[in-house]
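Okay, structure first, notes after.
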Amino acid sequence: MCLGEVINLARFFLQPEQIHGDQVAISGDDAHHITRVLRLRVGDEIECVDPSEKVHRVIIRELGPRVLGVVQGTVASSQESPLTLTLFQGLAKGDKMDLVIQKAVELGVDEVVPFSSRYTVVNLEEKQAKSRHARWQRIALEAAKQSGRTCIPFIGELHSFSELVATVKKRSGHGDLVLLAYEAEKRTGIRDVEGKPSVVSVIVGPEGGFAPDEVEKLKSAGAEVVTLGPRILRTETAGLVLLSIMGYRWGDLG
């Protein structure tokens, strides 16, 4: 079976308890989507991804609040990049975060961690932050389905700047490459980064940018400051540019 045949089908992610041998059971929102939105019929095919990232071609045998299907074939390989990517994204206003998360998932990100810093325009109360986080995780799930991912990227809880610094210090201490996009950097570009890392984190500031002392704290924590070129990019653009370059240079893009 060609992998391309599977990607054209509607994709759903399964929990371990939803698949037993060649039998698949789907309920909740996914069952509603199959029956009411896609309006699939008995005999139609879907694809299901299990927790081990195997993609199963499934034929629907029964419709209703609980959709039952039978596995017809399995693609045993993951469709994920060899590069593990994390985007630390400064909180942006409006629906910009929705866009960033959706496109980051399409580009192969494994984790998106939103954070606030001194010049962050948006201030979220705890209740708002929880609501937004749930929304962002749903967006990541739908983007993973649409783009043919075999895992659902993780959306981290909103970090304070001090939490961001601590996380960067921990990751750089483990040998991970951490890149900070900063408009005031004029010399070092991504092309100057040597080696072939397998784990990369990229940091993009909020709409108001970073204060100079914040940049110094991130550098002291182990982040490498890089320029993205002569033009100043919006926060919702910069992260996607970085992920694209990382994926092309060290991942599976191109």
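The values are calculated or read from the model by the stated rules, or taken from the named source; none is laboratory data. Remember, predicted model here, so these are calculated numbers, not experimental data. Note: ideal-geometry Cβ built from the backbone for every residue, glycine included; neighbour counts use all protein chains shown.
Taken residue by residue, region 206-219 has at least one member that is farther than 30 Å from residue 33 by Cβ, touching a residue at least 40 places away in the same chain (Cβ under 8 Å) and aliphatic (A, V, I, L, M). The single condition among (1) outside any loop (DSSP other than H, G, I, E, B); (2) touching a strand residue (DSSP E or B) at 6+ places or on another chain (Cβ under 8 Å); (3) farther than 24 Å from residue 122 by Cα that residue 222 does not meet is (1). Scanning region 47-62 turns up no residue that is at positive phi and over 22 Å from the mean Cα position of the chain (by Cα). Scanning region 109-162 for residues that are surrounded by 18 or more Cβ atoms within 10 Å (Cβ to Cβ), of a type in the set (Phe, Trp, Tyr) and out of contact with any Leu (no Cβ under 8 Å at 6 or more places or on another chain), we see that the one that is farthest from residue 250 (Cα to Cα) is 161.
No other residue among 109, 121 is assigned to a loop (DSSP other than H, G, I, E, B), within 27 Å of residue 28 (Cβ to Cβ), touching a residue at least 24 places away in the same chain (Cβ under 8 Å) and in the same structural domain as residue 238 (by TED's automatic domain parsing) apart from 109.
Selection over region 25-61 of residues that are within 17 Å of residue 150 (Cα to Cα) and surrounded by 12 or more Cβ atoms within 10 Å (Cβ to Cβ) gives a count of 13.
Is it true that some residue in region 110-123 is modelled with pLDDT of 95 or more and under 26 Å from residue 57 (Cβ atoms)? Looking through region 110-123, at least one residue is modelled with pLDDT of 95 or more and under 26 Å from residue 57 (Cβ atoms).
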